[in-house]
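The values are calculated or read from the model by the stated rules, or taken from the named source; none is laboratory data. None of the values given here were measured: they were computed from a predicted structure. As a convention, Cβ positions derive from the backbone with ideal geometry for all residues, glycine included, and neighbour counts pool all protein chains shown.
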Amino acid sequence: MFRHVLLPERASLKPHPVPFLHRCRYLLLVSLAAPFAFAADLQNSLDVVEATNRSAEQSQAKVDALSRETRILLEEYRSLKESAEYQEAYTRELQNLENAQRAQIESLNLQIAQARITRQRILPLMRSMVDTLEKFVVLDLPFHQQERISAVMQLRQRLDHPDIPVSARFRLLLEAYQLEQDYSRTVEAWRGPLQRDGENLSVEYLRLGRTALYYQSLDRQLSGYWDQQLQDWVTLDAAHNRALAVAMRVARNQTAPDLLALPFPAAAVAP
């Protein structure tokens with residue numbers, strides 16, 4: 001009689017299929033992911049190239065802007081240099097005139113202090129100085145001209161007044177000369193009437209010492225300057241309207257001083 005004996009199972013020699021499937025899946029994923037990785041690297045490279053191009057364009061634009069600004073500044077410098085040379089020459093002339101007047105005043109003061117000028121001699125001299133002052137005002141830039149001429153006329157009347165001491169009359173004469181000298185060193189803006197081409201206008205004036213005198217309409221659309229050679233007003237190009245308006249604000253202390261490009265009248269040519 002046979003007995004059934006249970007023997008232990010032998011380990012199966014057949015390879016397990018699971019690791020192989022995993023390897024297949026891994027290879028499949030790698031093969032599918034490779035094109036996407038390549039595409040991503042390519043896109044990154046394109047992005048870098050595009051960013052580099054944009055940066056280069058921006059840098060070139062900055063270079064072009066700086067080049068244009070440099071050219072503009074160079075032209076402004078040349079223009080200002082020419083104006084500065086004229087202004088320097090004109091300033092020297094005014095300084096020589098002022099020095100001559102100061103020397104004359106100091107000489108007169110010294111003569112009065114030393115009591116070497118008699119009454120009969122000082123009065124004709126003062127009248128001569130008043131005549132000279134009146135001619136100077138008439139030939140000067142036409143700013144506050146009516147008031148200045150009226151002041152000279154009043155001074156002339158006081159010099160002929162017997163109740164005023166000679167020393168007081170001479171002091172009034174020196175004060176009038178000093179007032180006219182101060183105009184050479186000041187900048188002023190004010191509103192006043194202007195008669196031109198048969199029209200009565202209300203304008204704003206700008207005086208730069210005794211160098212230049214400008215006007216501008218209240219709507220800032222019309223500007224001009226006084227030409228000493230022509231003895232008449234000359235209309236300025238509209239491109240100068242803004243700079244002239246800013247200069248007037250500077251003269252009134254309404255804004256900080258700034259470098260402005262204003263046209264300067266041509267210097268008078270000696271005959």
Exercise. Within the stretch 201-214, identify whether any single residue is assigned by TED's automatic domain parsing to the domain that holds residue 227, among the aromatic types (Phe, Trp, Tyr) and farther than 20 Å from residue 97 by Cα, and answer yes or no.
Key: yes
Practice problem: Search the stretch 229-253 for residues that are within 12 Å of residue 204 (Cα to Cα) and pair each with any residue that is aromatic (Phe, Trp, Tyr) and surrounded by 13 or more Cβ atoms within 10 Å (Cβ to Cβ) when their beta-carbon atoms are under 6 Å apart and the residues are at least 6 apart or on different chains. | Solution: 244/214
Self-check item: Pick from the stretch 83-114, criterion closer than 14 Å to residue 136 by Cβ and of a type in the set (A, V, I, L, M, F, W, C), ranking: nearest to the chain's Cα centre (by Cα)
Solution: 94
Quiz item: residue 125 is checked against (1) assigned to a helix (DSSP H, G or I); (2) under 21 Å from residue 243 (Cβ atoms) and fails just one. What number does that condition carry?
Solution: (2)
